[in-house]
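The values are calculated or read from the model by the stated rules, or taken from the named source; none is laboratory data. Only a predicted model underlies this, so the values are computations on that prediction, with no experimental measurement involved. Every residue, glycine as well, gets a Cβ built from its backbone with ideal geometry; the counts of neighbours run over all protein chains shown.
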Amino acid sequence: MYTNYIFFDFDGTLYDTVEGITKCVRYALQKRGMDAELSSLRCFAGPPLDEMFMEKFGFSRPEAEQAVRDFRERYVPIGLYESRAFPGMRDFLLTLRGSGKRLAVTTSKPQVLAEELLRREGLEELFDCICGAGEEGVGNAKWQVLQRAMEALGAKPEESVLIGDTKYDVAGAKHLGVPCIGVAYGYAAPGELEAAGAAAIAPDLPALLQMLL
């Protein structure tokens with residue numbers, strides 16, 4: 001069903017990052033005299049942060065941009081490391097590489113932070129390309145990051161698949177004519193991936209591996 005270029009979202013797909021992200025969102029809210037239950041902030045794991053602050057809390061663009069700066073006050077020294085690769089991820093990726101697949105990371109997370117986390121667990125070397133958001137905050141929509149990674153590898157839409165865990169991944173892939181397999185172990189709300197039009201949904205890594213091989 002799918003071919004040789006496999007592009008992975010990061011948060012909720014490769015790594016369980018929800019603890020650090022939700023705690024840092026709460027930190028940014030508390031600086032404004034606001035608060036929220038951590039469980040209600042899971043939606044921030046993955047999509048661009050400024051968009052989520054506007055969507056969930058009605059922030060203006062300048063307010064959202066300041067909230068992101070506040071988020072990073074805690075995230076870079078602390079929250080970044082409140083995360084871990086999902087169990088079994090290394091063996092999963094090694095099996096894909098061993099079968100001749102080319103692998104890439106496409107994330108709305110700042111690229112330098114994604115690279116840091118992958119390096120800490122020895123996973124960076126398993127990817128042919130790591131593409132994430134730049135510090136300038138321009139061109140960081142999922143489809144734009146995916147497009148840059150595809151161009152770097154010379155991948156055509158019909159040769160590619162994106163693996164992600166939210167509607168934003170599905171929409172970004174669709175924009176480029178790329179199918180998206182949703183992973184149910186990530187951070188999507190119930191029914192979100194189906195409603196977004198994911199090409200398939202994998203409940204866990206073994207099922208995903210079967211689909212990709």
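For this structure, a couple of remarks:
- Of the helices (runs of 4 or more DSSP H) entirely within segment 1-108, those holding at least 3 residues that are of a type in the set (Lys, Arg) occupy 61-75.
- Considering each residue of segment 120-141 in turn, at least one proves to be in the same structural domain as residue 164 (by TED's automatic domain parsing), farther than 18 Å from residue 186 by Cβ, in a helix (DSSP H, G or I) and out of contact with any strand residue (DSSP E or B) (no Cβ under 8 Å at 6 or more places or on another chain).
- Residue tally, condition over 17 Å from residue 142 (Cβ atoms), under 19 Å from the mean Cα position of the chain (by Cα) and not charged (D, E, K, R), over segment 1-37: 5
- Boolean, residue 134 is surrounded by 13 or more Cβ atoms within 10 Å (Cβ to Cβ), more than 13 Å from the chain's Cα centre (by Cα) and at pLDDT below 95: yes
- Of all residues making up segment 193-213, the number that are out of contact with any Asp or Glu (no Cβ under 9 Å at 6 or more places or on another chain) and part of a helix (DSSP H, G or I): 9
- Residue in segment 166-182 that is out of contact with any Lys or Arg (no Cβ under 6 Å at 6 or more places or on another chain), assigned to a loop (DSSP other than H, G, I, E, B) and more than 22 Å from residue 47 (Cβ to Cβ) present: no
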